[in-house]
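The next block holds one structure in the form of C-alpha cells; read it before the comments.
Read-outs throughout are calculated quantities, based only on the coordinates presented, and are distinct from any laboratory measurement. Note that the structure is a prediction, hence the values are computed from the model and not measured. We place every Cβ from the backbone using ideal geometry, glycine too, and count neighbours over all the protein chains shown.
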C-alpha cells in the first residue's frame, strides 16, 4: 500500500492547481493525483472552440503542462485510474485496479460528467458528448465526413457546437425540449436573440421537441421525434447538462446534494477532506447562498484556494464567477448566480429588439447575478457590484436604464 501526505482525486484544472499550490507551500510532503483520464492537464476551454475543432491551430496548444512538470515538482500522476471506494476512517481510497492508497489529506476535485441521453438507440455509434479531450477528438474525426448533425439541448455546449458544425459545412438541426433557447435560465426575449443568430447562421431549430429514438443500424442515421417526424442525422452531439455519480463518496459519509457539500473553506463534513471544482456545492460568502458552478475559472480558483487551505493557510473562497462565449456574431455572458427564483427580481437592461440586452438579478436589495447578450462591456462593473455587496435598493430605475453607467454605483 502506498501512502501520500496529499491525495487529489481529479487531474483537471482544480486538482492540478491545488497540487501546484501545495508543492509551492510544502516542499517536502508527498503528493499524488489520481485521474480517470489518460492525459496530463489540458485546456477544456479549447475543446469547444472552432479553431481547435477545425484544426486551424496546432493540437499541442491544448496541453497546459509538459510531461516533465509532474516529475520536476515531485507530483505523482496516476493516470487512467478511477477512485471507487473511500474509507474516511482509515483514510484510504481504493482504485478500480484494486490498489489502495492511504492519505493524510484528501481533495475531491472530481469535475463534471456529461449527463447521459436516455433514449432508445442512445448508445449507437455517432452519438457524442463533449467533456474530455478524447470526446473532442472523436467529434473532430466524425465532422470530416458528416452531412447532417443534430445537437440536443440548449446551453453553452450546444451553442458552441452548432457554430463549429456550421463552420465545417455540416447541416445542423437543434432539438430543444423547451419552448425557447435556455429556458428557464433566460427569459423569452433573450432566448429569441440567440435563436435569431442561430437561424441566421443556418441552424434549424425544433422547439418543444421530444426525441423518441435514435434510428439506424450500428451507427445513427436519423432521429425519430414524438410527432413521428424523422430528421436525418449521421452524428448527434448531446448537451443536456452535467451530473456525476457520487454514490461512492456518499457511502463514505460525505454529505452530498447535487454536488459534494462544502463550507466556505471548501471543507466537506469529514475531517481532512476538501472538494473543489465542478463537483463542489459550496457556501458562497459573496452571494450568501450555497451554489454549484461548472466553469473553468471557478474550478481553477477553487483548486488554488483549496490548496492553500490544505497546507494551513486557511481563508474562505471568494470569487464572482462568470462565463462568456461568442459565436454567430453575438456574445453571451453569465455572471454570478443566474438561477431563476421567487425570491429574486429580474431587471431588464436594454431592449431585446436592438440585439443588446441584459438582465440584472437582485435579491434582498443586492445584485447577485446577470445575463448579458452583446453587453459584455458591463461584465466587470456588475462583477464589482456583486463582489462589494453594494446595496441597490431603490435603484431599480438606474439598473434598468441602459444609459446609466453601472460603474457609478461602485464609486458613488
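Using a Förster distance of 30 Å, how high is the FRET efficiency between residue 354 and residue 251, based on the Cβ-Cβ distance and rounded to 0.05?
Working: r = 53 Å, r/R0 = 1.77.
Between residue 354 and residue 251 the formula returns 0.05.
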Could you give the spread of the C-alpha atoms of segment 234-320 along their three principal axes, from largest to smallest, in whole angstroms?
53, 31, 23
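Stokes-Einstein diffusion coefficient for the chain at 4 °C in a medium of 1.567 mPa s, Rh from the Kirkwood formula over Cα pairs: what value in µm²/s?
Working: Rh = 22.8 Å.
Rounded, D is 57 µm²/s.
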Which length gain, in nm to one decimal place, applies between residue 85 and residue 226 when the Cα-Cα distance is subtracted from 0.36 nm times their residue separation?
46.7 nm
Residue-span extension gain [residue 297 to residue 207] - 0.36 nm each, minus C-alpha spacing:
29.2 nm
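Any idea what % of Cα-Cα pairs in segment 322-411 are farther than 17 Å?
That tail contains 43 percent of the Cα-Cα pairs.
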Taking every alpha carbon pair in segment 127-234 and sorting the distances into 10 angstrom bins from 0 up to the bin holding the longest one, the percent per bin comes out as 14, 46, 34, 5, 0
Among 137-150, 5-18, the order from most to least packed when residues are scored by Cβ within 10 Å on average
5-18, 137-150
When all Cα-Cα pair distances of segment 163-226 are considered, the percent exceeding 16 Å is 54 percent
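Please compute one quarter of the surface area of the Cα convex hull for segment 116-181 and express it in square nanometres. Provide the component values of the computation, followed by the final result.
Working: hull surface 19.0 nm².
Answer in nm², one decimal: 4.8.
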Would you list 27, 173 from fewest to most Cβ contacts within 10 Å?
27, 173
Along each principal axis, Cα extent of segment 1-139, largest first, Å
44, 37, 19
How much length would be gained if the chain were fully extended between residue 196 and residue 243, taking 0.36 nm per residue of separation minus their Cα-Cα distance, in nm to one decimal?
14.0 nm
Cut-off 10 angstrom, C-alpha nodes, Gaussian network model of the chain. Which of 176, 198, 270 fluctuates the most?
270
Distance in Å, no decimals, from the C-alpha centre of segment 342-412 to the one of segment 66-101 is 44 Å
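Per-residue counts of other Cβ atoms within 10 Å, averaged by peptide: what ranking do you get for 257-266, 349-358, highest first? Don't skip to the end; give the middle numbers.
Details: 257-266: 20.1, 349-358: 17.6.
Highest to lowest by the protection proxy: 257-266, 349-358.
Counting alpha carbon pairs within less than 8 Å and at least 6 residues apart, what relative contact order, in whole percent, applies to segment 322-411?
Numbers: 156 pairs, mean separation 23.8, N = 90.
Relative contact order for segment 322-411 comes out at 26 percent.
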What Kirkwood hydrodynamic radius do you get for segment 347-395 when you take the inverse of the mean 1/r over all pairs of distinct Cα atoms, in Å?
11.1 Å
Segment 44-106, Rg to Rh (Cα coordinates; Rh as Kirkwood inverse mean 1/r)
1.16
